[in-house]
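Participant: There's a structure below that I have some questions on.
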Amino acid sequence: MLERYNQGRMIFSHGGVALGPDAPLKDWQAGLTQAFAAAGVRTPQIDARLLLMGAIGLSHGQIIMNPMRPVTAEEAAAVTACGERRLAREPLSRILGYREFYGRRFGLTPAALDPRPDTETVVEAALAIVKSEGWEEAPIQILDLGVGSGAILLTLLAELPQASGLGVDVSPSALNNAQANAEKLEVSGRANFQRSDWLQGVAGSFHIVISNPPYIATPDLAGLAPEVSAYDPKIALDGGEDGLTAYRKIIPGLKSVLAPGGWAVLEVGQHQSSPVAQLLQINGFAMDDRDLCIKEDLYGIERAISGKA
Ligand SMILES: C[S@@+](CC[C@H](N)C(=O)[O-])C[C@H]1O[C@@H](n2cnc3c(N)ncnc32)[C@H](O)[C@@H]1O
């Protein structure tokens, strides 16, 4: 990497000066920000900071406290290589190989969806249900349909030390990603994984079934940002013609795997809360407590829809 770097790959600059070894952190941060903004990155400043932190291995505090710290040749090579990938619109989480979710670090492989902050709303919804049912100390069973990296299931297992769970996915590589995260987060003793097409072959009696299924309408896939369309697996995004195909497959079978009084908690896309709530109700789920059943994300979008069996 260093060799390639030394062959003149000083592609970032600040104040008209190419950035290389010995340039201070603050110039690298400014140069990266400027280049990312020009490339159409939506949050250039944040990405520049996180990339510097991840590529060099510094904390936010270390960057703020030492703006004049010179970057070594090796660090400059690493930052340049990562920065080039970000310029090509590869998401930071894919470049660094991890994503922070609900305060924990999840390793990320190309097989799994990059877990989104919006999905933390599903975790909040499930935890609110656990609290309202008085299940905080109970050995509850949780099923995650379409577990991906494990972000939702493993967060819940980490938050609820008595709970155990099953994560299913149709993608074996996503299941490997989730299993590795379960081990890193030290919840693998309470997590099982199974390859399955939604509920086919899934047996058990769960207290909570969660799912963040693919819900982007097929015609909308073409308009997604390159960070999403080129890097998230299509199988994790494509929700069929109107985005609701997976819900129609999943919801009618949910009661067969839920304990009486158990809950379904589903993530939905914008404008999907009403049709999904309707599907839950048609299939016999009660949605009496609105505060518990509909949770908005930070942008005020109804993001998690829950129903009681
Ligand atoms: C939107 S991603 C959610 C991943 C993860 N739960 C999260 O929230 O970050 C949807 C997941 O469903 C999985 N999936 C798609 N079709 C499936 C099917 N027919 N059966 C099981 N899982 C499926 C995908 O592989 C992907 O991991």
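Participant: Could you give the longest part of the chain that holds none of the GluC sites (Glu not before Pro) found in DSSP loops with at most 12 neighbouring Cβ atoms within 10 Å?
Facilitator: Working: sites that count: E137, E186, E241.
Segment 1-136 is the longest.
Participant: Segment 183-247 to segment 25-51: how many Å between their Cα centroids?
Facilitator: Taking the Cα centre of segment 25-51 as reference, the centre of segment 183-247 is 31 Å away.
Participant: Let me check something: with ligands and nucleic acids excluded, how do I282, I251, I46, I64 order by accessible area (1.4 Å probe), largest to smallest? The partial results should precede the final answer.
Facilitator: Details: I282 130, I251 0, I46 80, I64 105 Å².
Order by accessible area, largest first: I282, I64, I46, I251.
Participant: When ligands, DNA and RNA are left out and all protein chains stay put, how many square angstrom of accessible area per residue does the chain have with a 1.4 Å probe?
Facilitator: Numbers: 14080 Å² over 309 residues.
I get 46 Å² per residue for the chain.
Participant: Explain nothing, just the number: dipole magnitude of segment 106-218 about its Cα centre with +1 on each Lys and Arg Cβ and -1 on each Asp and Glu Cβ, in debye rounded to the nearest 20.
Facilitator: Numbers: 5 positive and 13 negative charges, 50 e Å.
Rounded to the nearest 20 debye, it is 240 debye.
Participant: Cross-link partners among lysines for K308, C-alpha distance below 27 Å, same-chain residues fewer than 8 apart left out?
Facilitator: Hits, sequence-local ones excluded: K131, K249, K255, K295.
Participant: Tell me which of G148, T109, G167 sits at the most positive position along the dipole axis of the chain, charges placed on C-beta atoms (Lys, Arg +1; Asp, Glu -1).
Facilitator: It is T109, whose Cα lies furthest towards the positive end.
Participant: Run the helix sum for the chain: -39,500 (n - 2.57) per DSSP H stretch of 4+ residues, divided by residue count, reported at 222 nm to the nearest 500 deg cm²/dmol.
Facilitator: Working: 13 runs with 118 residues, N = 309.
Theoretical 222 nm ellipticity from helices: -11000 deg cm²/dmol.
Participant: To continue, here is another question. Give me the percent of accessible area attributable to carbon and sulfur for segment 83-134, probe 1.4 angstrom. Before the final figure, lay out the partial values.
Facilitator: Values: 1020 of 2100 Å².
Here it works out to 48 percent.
Participant: Shifting gears a bit: Using a 1.4 angstrom probe and counting only protein chains, how large is the accessible area of H60 in Å², to 10?
Facilitator: For H60, solvent-accessible area is about 80 Å².
Participant: Given +1 on the Cβ of Lys and Arg, -1 on the Cβ of Asp and Glu, and no further charges, what dipole in debye does segment 26-102 carry about its Cα centre, rounded to the nearest 20? Don't jump to the answer; show the numbers that get you there.
Facilitator: Values: 9 positive and 7 negative charges, 45 e Å.
Around 220 debye, computed over segment 26-102.
Participant: Separate question: Please get the size of the charge dipole for the chain, origin at its Cα centre, with Cβ charges of +1 on Lys and Arg and -1 on Asp and Glu, quoted in debye to the nearest 20. Before the final figure, lay out each step's value.
Facilitator: Numbers: 26 positive and 35 negative charges, 90 e Å.
Roughly 440 debye, rounded to the nearest 20.
Participant: Can you give the alpha-carbon Rg of the chain over 2.2 N^0.38 Å, where N counts its residues? Could you put the intermediate results ahead of the total?
Facilitator: On the way: Rg = 21.7 Å, N = 309, 2.2 N^0.38 = 19.4 Å.
Here the answer is 1.12, to two decimals.
Participant: How much of the DSSP bridge set in segment 79-198 is antiparallel, in percent, rounded to the nearest 5? Please report the intermediate quantities before stating the final value.
Facilitator: On the way: 4 of 14 bridges.
Percent antiparallel among DSSP bridges in segment 79-198 is about 30.
Participant: Once the dipole of the chain is set up with Lys and Arg at +1 and Asp and Glu at -1 on Cβ about the Cα centre, which of G20, L292, S273 lies farthest towards its positive end?
Facilitator: G20
Participant: Let me ask another. Quick one: pull the percent of accessible area on segment 159-201 belonging to carbon and sulfur, 1.4 Å probe, ligands and nucleic acids left out. Each step should come with its number before you reach the end.
Facilitator: Numbers: 880 of 2150 Å².
In segment 159-201, the share of accessible area belonging to carbon and sulfur is 41 percent.
Participant: With the convex hull built on the Cα atoms of segment 51-176, state its orientation-averaged projected area in nm². If you can, show how the numbers build up before the last one.
Facilitator: Working: hull surface 39.2 nm².
Orientation-averaged projected area of the Cα hull: 9.8 nm².
Participant: Based on alpha-carbon centroids, what's the gap between segment 55-94 and segment 273-309 in Å, whole number please?
Facilitator: 42 Å
Participant: Please determine, in degrees from 0 to 90 and to the nearest 10, the orientation of helix 73-87 with respect to the longest principal axis defined by the Cα atoms of the chain, where the helix direction is its Cα long axis.
Facilitator: The angle comes out near 50 degrees.
Participant: Pop out the carbon and sulfur fraction of the accessible area of segment 221-279 as a percent, whole number, probe 1.4 Å. Let's see the in-between values first.
Facilitator: On the way: 1500 of 2610 Å².
Accessible surface attributable to carbon and sulfur in segment 221-279 totals 58 percent.
Participant: T218: accessible area at probe 1.4 Å, nearest 10 Å²?
Facilitator: 50 Å²
Participant: Given segment 2-107 reduced to its alpha-carbon atoms as identical point scatterers, what log10 I(q)/I(0) does the Debye formula return at q = 0.15, 0.17, 0.19 Å⁻¹?
Facilitator: The Debye formula, applied to the Cα set alone, gives -0.57, -0.74, -0.93.
Participant: Percent antiparallel among DSSP beta bridges with both residues in the chain, to the nearest 5? Don't jump to the answer; show the numbers that get you there.
Facilitator: On the way: 16 of 36 bridges.
Antiparallel: roughly 45 percent of the beta bridges in the chain.
The values are calculated or read from the model by the stated rules, or taken from the named source; none is laboratory data. In this text the structure is predicted, and so the values were computed from the model without any measurement. FYI the Cβ positions are ideal-geometry reconstructions off the backbone, even for glycines, and counts take in every protein chain you see. Ligands, DNA and RNA are stripped out before the accessible areas are found, and what is left, the full protein with its side chains, is counted by its heavy atoms. Shrake-Rupley method; radii C 1.70, N 1.55, O 1.52, S 1.80 Å.
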